[in-house]
1. So what's the net charge close to ALA47: Lys and Arg +1, Asp and Glu -1, counting the other residues with Cβ under 15 Å from its Cβ?
2. Once you charge only the Cβ atoms, +1 for Lys and Arg and -1 for Asp and Glu, what is the size of the charge dipole of segment 1-65 about its Cα centre, to the nearest 20 debye?
3. When the solvent-accessible surface of protein heavy atoms is calculated with a 1.4 angstrom probe, in what order do PHE82, PHE16 fall, highest first?
4. Please work out the C-alpha center-to-center distance from segment 1-64 to segment 65-83 and express it in whole Å.
5. Any chance you could tell me what percent of the C-alpha pair distances in the chain go past 19 Å?
6. Below 15 angstrom from the Cβ of VAL8, what's the summed charge of the other residues (Lys, Arg +1; Asp, Glu -1)?
7. Return the carbon/sulfur percentage of the accessible area of the chain, one whole number, probe 1.4 Å, all protein chains in place.
8. By accessible area of protein heavy atoms, probe 1.4 Å, what ranking do ASP32, ASP72, ASP63 get, highest first?
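The values are calculated or read from the model by the stated rules, or taken from the named source; none is laboratory data. All of these numbers come straight from a predicted model, not from anything done at the bench. Every residue, glycine among them, receives a Cβ derived from its backbone with ideal geometry; neighbour counts consider all protein chains shown. These area figures cover heavy atoms from the full protein model, side chains too; ligands, DNA and RNA do not enter into them. Shrake-Rupley method; radii C 1.70, N 1.55, O 1.52, S 1.80 Å.
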Amino acid sequence: NGRYSLEVVVRNASLFELAMPALELSLTDVRDQLLLRRVILPAELVAAPATVPANSTQTLRVDVLIGGPVGDALAGYRTLVFYP
């Protein structure tokens, strides 16, 4: 149980500025079974700009507090970057 910090690097390889994407965070147990899935919108990301400039990278960060049965069973995670 505790506080975790998730950092994801988003790379925009295009010639155009893109909107900041959302993140899907999936927490898994030791058998890779889903414990919790959460969508994190751009507004929840620490100091994230509204856009990702062309041909650049942007580090996104969010603090996550996990407790109870999920925190006790937590063994892994997956992230997905997407546009809702």
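1. -2
2. Result for segment 1-65 is approximately 60 debye, rounded to the nearest 20.
3. PHE16, PHE82
4. 13
5. The proportion of pairs with Cα distances above 19 Å equals 42 percent.
6. In short, 0.
7. Here it works out to 55 percent.
8. ASP72, ASP32, ASP63
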